[in-house]
Every structure is written in structure tokens, then in C-alpha cells.
Amino acid sequence: MPWFFVLLALAVVLAAKPVSAEAMVDLGAVAPGVRRDMRYATVDNFLKKAVYPEARCLLRPPVAERLARVQNRLAGAGFGLQVWDCYRPLTVQKQMWALVPDERYVADPAKGSRHNRGAAVDLTLVDSQGQEQEMPTAFDDFSPRAGRDAQAHWSEKARRNYAVLHKAMVAEGFLPLPSEWWHYDAPGWERYAVVDVPLR
């Protein structure tokens with residue numbers, strides 16, 4: 001029937017259309033139990049300077065909701081999440097690329113990062129008291145040991161903690177970046193537009 005094909009074509013167009021108008025939300029409003037240590041709002045990062053005006057974790061609503069479900073999963077086992085980075089303005093992406101122009105670790109701002117879309121998170125595992133657990137490397141370690149294929153070089157405890165985090169993240173659909181154990185993308189990240197809006 002002709003109407004069926006019209007509806008099918010419309011569904012394909014809508015599925016492929018970039019999501020650009022959807023507002024971002026503060027993770028604290030969706031998942032208040034997730035701890036925040038927003039490194040780019042401090043000097044404790046590889047840039048050695050604060051490039052965020054305030055320590056906010058902004059994400060697209062569906063991404064924040066997925067993260068809230070991960071937090072709930074981990075809480076049942078006595079763990080939780082701590083985020084290091086969420087949405088990142090494109091202007092900051094350009095500063096990072098100037099220092100580390102290597103797409104294994106920093107996305108080319110000409111293409112845009114998953115972070116610039118509000119569809120990616122950098123995070124780690126904490127216990128029920130909020131204490132960071134031993135993981136493979138420190139955040140933003142650009143050595144081969146940070147890659148997910150370097151598990152033979154990780155300590156037994158780091159492998160065990162990573163496995164807890166990884167299992168919970170992929171159970172809610174997050175996609176791991178091979179070169180950084182701490183980085184996960186939301187499914188459908190490519191449908192969100194790259195934006196350069198201020199954090200405040």
C-alpha cells in the first residue's frame with residue numbers, strides 16, 4: 001500500500017536526522033548520587049589549567065538517564081560512579097587538540113568530539129563512601145597502558161575494578177573507546193550535533 005511506503009520513508013528520514021534542538025541537562029538533577037570531579041574546571045589535567053568556568057556535568061537527557069541506571073546497578077554492589085568529564089565546549093576541544101593532535105586520544109575539532117555533542121563521559125569507579133578505586137591508570141594517561149587491550153599490564157585489582165565498571169556501563173548500552181578505559185560513548189552519539197555553548 002502506498003501509505004505504508006510513505007510512512008517507512010518518513011521513519012528513515014527521522015531516524016537519520018541529527019538531534020540538535022534537544023537541551024542538555026545537569027547530571028546532578030538526574031543522578032544526584034553520581035560524584036563529580038570535573039578535572040577541566042581545575043588545574044589537575046593535562047592542560048595544566050582550568051578551561052571550564054565551573055564544575056558542571058552537562059549531558060543530553062537520554063545519556064544522563066542511562067548513566068543514572070548505571071549508578072543504580074553499581075549501588076546494589078556497593079559501588080558508584082565518579083565523572084571526570086561530560087559535555088565539552090568546542091573551544092576547549094581546540095585547545096586540547098593544539099597540545100595533543102593525535103586522534104587516538106583527542107578528537108580533531110574539525111570533526112568534533114563525542115564530548116562536544118554531550119554524548120560521552122569520562123568516569124571511574126568509587127566505593128559506597130565515594131573513595132576512588134584502583135584502576136588501570138590515572139585519568140588522561142596517554143600511554144599504551146590506558147588502552148583496553150593492555151589488561152595484561154594492569155594489576156589484578158585494577159582489572160577487577162575495571163570489570164565491575166565496564167560490565168555496568170555496557171549493560172546500559174554505553175560503547176567503550178578502545179584507547180581510553182575511562183571513556184564511554186552513548187549509543188547514537190553521532191546523531192547529536194556538535195555544539196559550542198558555555199557551561200554556565
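The values are calculated or read from the model by the stated rules, or taken from the named source; none is laboratory data. Everything numeric in this text was worked out from a predicted model, so none of it was measured. Note: ideal-geometry Cβ built from the backbone for every residue, glycine included; neighbour counts use all protein chains shown. For accessibility, only protein heavy atoms count, side chains too; no ligands or nucleic acids. Shrake-Rupley method; radii C 1.70, N 1.55, O 1.52, S 1.80 Å.
Look through V63, V121, V100 and report the one residue that is in contact with a helix residue (DSSP H, G or I) (Cβ under 7 Å, 6 or more places away or on another chain) and among the β-branched types (V, I, T).
Result: V121 is the single residue among V63, V121, V100 that is in contact with a helix residue (DSSP H, G or I) (Cβ under 7 Å, 6 or more places away or on another chain) and among the β-branched types (V, I, T).
With the requirement that a residue be open to solvent by 60 Å² or more (accessible area, probe 1.4 Å) and touching a helix residue (DSSP H, G or I) at 6+ places or on another chain (Cβ under 6 Å), what does segment 167-200 give you?
P178, D196
Can you tell me how many residues in segment 143-175 are closer than 16 Å to L67 by Cα, of a type in the set (A, V, I, L, M, F, W, C) and touching a residue at least 12 places away in the same chain (Cβ under 8 Å)?
Within segment 143-175, residues that are closer than 16 Å to L67 by Cα, of a type in the set (A, V, I, L, M, F, W, C) and touching a residue at least 12 places away in the same chain (Cβ under 8 Å) number 7.
Just to be sure I understand, how many residues within segment 63-101 are free of Cβ contacts under 8 Å to residues at least 24 places away in the same chain and over 20 Å from A119 (Cα atoms)?
Looking only at that region, the number is 3.
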